[in-house]
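Below is one structure, written out as C-alpha cells, with a few remarks after it.
The values are calculated or read from the model by the stated rules, or taken from the named source; none is laboratory data. This structure is a prediction, so every number in the text was calculated from the model and none was measured. Cβ placement follows ideal geometry from the backbone for every residue including glycine, while neighbour counts extend to all protein chains displayed. Just the protein is used for accessible areas: all its heavy atoms, side chains included, with ligands, DNA and RNA removed. Shrake-Rupley method; radii C 1.70, N 1.55, O 1.52, S 1.80 Å.
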Amino acid sequence: MGSDNLERTPLYACHVELGARLVDFAGWEMPVQYTGVIEEHRAVRTAAGLFDVSHMGEVRVRGAGAEAFLQRLTPNDVAKLVPGRAHYSGLLTEEGTYVDDLLVYRLAADDFLVVVNASNAPRDFAWIAERAGGEVEVTDECDRWALIALQGPKALEILEPLAPGASALRYYGFRQGTVDGRPALISRTGYTGEDGFELYVDPEHAVALWRRLVDAGAAPAGLGARDTLRLEAAMALYGHEIDEKTTPWEAGLDWVVKLDKGDFSGRAALVAQKEAGAPRRLVGFEVEGRGIARQGHTVLAGGTAVGVVTSGTWSPTFEKALGLAYVPPALAAPGTALTLDVRGKALAARVVPTPFYRRAK
Amino acid sequence: MYPSEYLYSREHEWVHVQDDVCTLGITEFAQQELGEVVFVELPEVGQVFDTGDEVGTIESVKAVAEIFTPVAGEVVELNDAVVDDPELINEDPHGEGWLIKLRFSSAADLKDLMNAEQYEEFVKSGEA
C-alpha cells in the first residue's frame, strides 16, 4: 500500500481516529468506510450521515465579465442564477462532451464559486483560466475550503440549532453565515438523494465542526456509501456516466442544457446531436439473475456488445443488484430485457425508470 | 486468530484437511479487506478442479473476489448456508462461513501452503 505523495484533507486525523479504511481516491487519501458501507448507507437514508468531501475543487470566478464568461463556458443559464442560488452544470468541449460536471454558486452579481470533481480539478482550473479574458479573475481556491456534507432526513434537525435559519434555505439555495459560530457557506445541496447540506468552511475550522456534528448525531460515512447512495439516486459520476466521450443528451442530463440562452461551448454539436438523435441512452437496470454487474461489463444483444455498464452495485436500500448502462435507443424503454456479460457469464437484467430511489417529500 | 489446524494460501484461502477431504474458505484478513459480503457464487458438486482454478466468486458492495482452490480435487459438498446468508463469511470466516469441501487428488499441493504462524507473518509483512 503506497500512501506516498497522497494529499490529505484537514479532516485526515479524524478519519484515522475513527478507524476509517483509507484509500487513494484521485490522489487523495480518503475514507472509503468507517464501520461498513451498508450501515453507513442506511444511516444516511434513515437518519444523518457526515461526509468529508474536502477533496472537491473550488474555482472562484470574479469580475464585471464573470457572468458573460460563465455563460459562454457552461450549458446552464447563469443569467437566471440569482445571488444565493446554485445550479448544476458542466464544462463541455466544443463537441458537447464533458470535461467535468460541476456546481456554480452565485455569491454576488460579479462573484461565483465553481465546484468541481477532485479527479479533474487541476485540468478544470487550467481549462477555465485559459479561456478567461478581459474583466474576469479566476482563482484556484481548492486549499481555501474544507467541505463537509451533512445528509439525511435528520440533517436539518442536527444543523438548525448550530445554524439558525438553515431551514429557510430551499433546495439549491445557500447563504454565507455561521455554523456553531464559525463562518461557513451553508448550501442545501447533496449527492445522496436525501435532504441535506454541504458546508464550506475554512480548513482550520473543519475538525471542530466535524466533531460537533458527530456529537450531534451524524454518522461518519465514507466514499463507499457516497457511491451507493448517489447510484440509487441515479446521479452521474464523472468517469462513469459522463466523460469526454459523452454528451448531456446521452446521459439524460437534458435539463442542464439551455439552448435558448445564447452560444456556449458545445452548443453547435449539441444542436446537431439533438436533431440527429443521441446514438445511445443512459438507462437504469435491475439485475434479475444472481450476480452484480459493474462498470465496464458489456450489454449484449443477439450475442454482440451493444452497450456498456457505467456503474453497478448491490443496493443496500433495495437489497438487489442495480446499475446504469449505455444502450441503443431501441433498448432504452423501461421493461426492456437486457443481457449483461459479467466476466463471461450472461446475467439477465431489466430496464427500470430512474431514479431508483426517490425520498418521500 | 488463525486456527493452527488449518493451512493457508497466498490468495487468502484456508483449507482444513480431514482424511482425503478438505474444507475451503477465505481468511479473516480476506473478509476484512472485502467488506460486507452480499453475494456468493459456488461451483456444483461433482465439478473437478486443478490447483489454482477459480471455484467461485464472492462479492461485496464495492468489490468482487475470485476464490481459487489451492488444492486439486472434486467438489463433494457446498455450504448452502453462505449462499443464502453471505454475511456468514464476515461473521465467521473460519467456521460457519466455509465455502466448499473437496476430495483432493494429491497431498502434494498441501506442501506449498503456509501454516497459521507463517500466514500471520505473511499478512503482517504487508506483502499480502
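Within the range B:79-128, the set of residues being within 14 Å of chain A (Cβ to nearest Cβ) and either among the hydroxyl-bearing types (Ser, Thr, Tyr) or within 16 Å of the chain's Cα centre (by Cα) (or both) comprises B:ASP80, B:VAL82, B:VAL83, B:PRO86, B:GLU87, B:ILE89, B:ASN90, B:GLU91, B:VAL123, B:SER125, B:ALA128. Of the candidates B:ALA72, B:ALA107, the single residue that is free of Cβ contacts under 8 Å to residues at least 60 places away in the same chain and surrounded by fewer than 15 Cβ atoms within 10 Å (Cβ to Cβ) is B:ALA107. Whether a residue is among the acidic types (Asp, Glu) and in contact with a strand residue (DSSP E or B) (Cβ under 6 Å, 6 or more places away or on another chain) was assessed, and A:ASP124 passes this test. Outside any helix (DSSP H, G or I) and open to solvent by less than 10 Å² (accessible area, probe 1.4 Å): is that true of A:TYR200 in this structure? Considered against the rule, which asks whether it is outside any helix (DSSP H, G or I) and open to solvent by less than 10 Å² (accessible area, probe 1.4 Å), A:TYR200 comes out as yes. Restricting the range A:288-326 to residues that are among the aromatic types (Phe, Trp, Tyr) and either more than 11 Å from every other protein chain (Cβ to nearest Cβ) or surrounded by fewer than 22 Cβ atoms within 10 Å (Cβ to Cβ) (or both) leaves a set whose member that is nearest to A:ALA236 (Cα to Cα) is A:TYR326. Of the residues making up the range B:52-69, those that are among the aliphatic types (A, V, I, L, M), closer than 14 Å to B:VAL37 by Cβ and surrounded by 15 or more Cβ atoms within 10 Å (Cβ to Cβ) are B:ILE58, B:VAL61, B:VAL64, B:ALA65, B:ILE67.
Of all residues in the range A:185-232 being acidic (Asp, Glu) and within 14 Å of another protein chain (Cβ to nearest Cβ), which is farthest from A:VAL23 (Cα to Cα)?
First, the residues of the range A:185-232 that are acidic (Asp, Glu): A:194-195, A:198, A:202, A:204, A:215, A:227, A:232.
When the remaining residues are screened for being within 14 Å of another protein chain (Cβ to nearest Cβ), the result is A:227, A:232.
Details: A:ASP227: 14, A:GLU232: 23 Å.
Within the range A:185-232, the match that is farthest from A:VAL23 (Cα to Cα) is A:GLU232.
Of the residues in the range A:28-50, at least one is within 14 Å of chain B (Cβ to nearest Cβ), touching a strand residue (DSSP E or B) at 6+ places or on another chain (Cβ under 9 Å), in a strand (DSSP E or B) and open to solvent by less than 20 Å² (accessible area, probe 1.4 Å).
Applying the criterion of being outside any strand (DSSP E or B) and modelled with pLDDT of 95 or more to the residues of the range B:20-29, the residue that is least open to solvent (accessible area, probe 1.4 Å) is B:THR27. If the condition is being within 13 Å of A:GLY266 (Cβ to Cβ), part of a loop (DSSP other than H, G, I, E, B) and open to solvent by less than 40 Å² (accessible area, probe 1.4 Å), then the range A:234-250 contributes A:THR246, A:THR247. Quick check on my filter: what residues within the range A:249-282 are in contact with a strand residue (DSSP E or B) (Cβ under 7 Å, 6 or more places away or on another chain) and more than 20 Å from A:PHE69 (Cβ to Cβ)? Selection gives A:GLU250, A:ALA251, A:GLY252, A:ARG280, A:ARG281, A:LEU282.
Residues in the range A:111-140 that are outside any helix (DSSP H, G or I), acidic (Asp, Glu) and crowded, with 17+ Cβ neighbours inside 10 Å: A:ASP140 alone.
Pick from B:PHE39, B:PHE49: which is in contact with a strand residue (DSSP E or B) (Cβ under 7 Å, 6 or more places away or on another chain), open to solvent by less than 30 Å² (accessible area, probe 1.4 Å), within 14 Å of chain A (Cβ to nearest Cβ) and aromatic (Phe, Trp, Tyr)?
Going through B:PHE39, B:PHE49 in turn, just one is in contact with a strand residue (DSSP E or B) (Cβ under 7 Å, 6 or more places away or on another chain), open to solvent by less than 30 Å² (accessible area, probe 1.4 Å), within 14 Å of chain A (Cβ to nearest Cβ) and aromatic (Phe, Trp, Tyr): B:PHE39.
For the range A:338-355, name all the residues that are touching a strand residue (DSSP E or B) at 6+ places or on another chain (Cβ under 6 Å) and not hydroxyl-bearing (Ser, Thr, Tyr). Selection gives A:LEU338, A:LEU340, A:ASP341, A:ALA346, A:LEU347, A:ALA349, A:ARG350, A:VAL351, A:VAL352.
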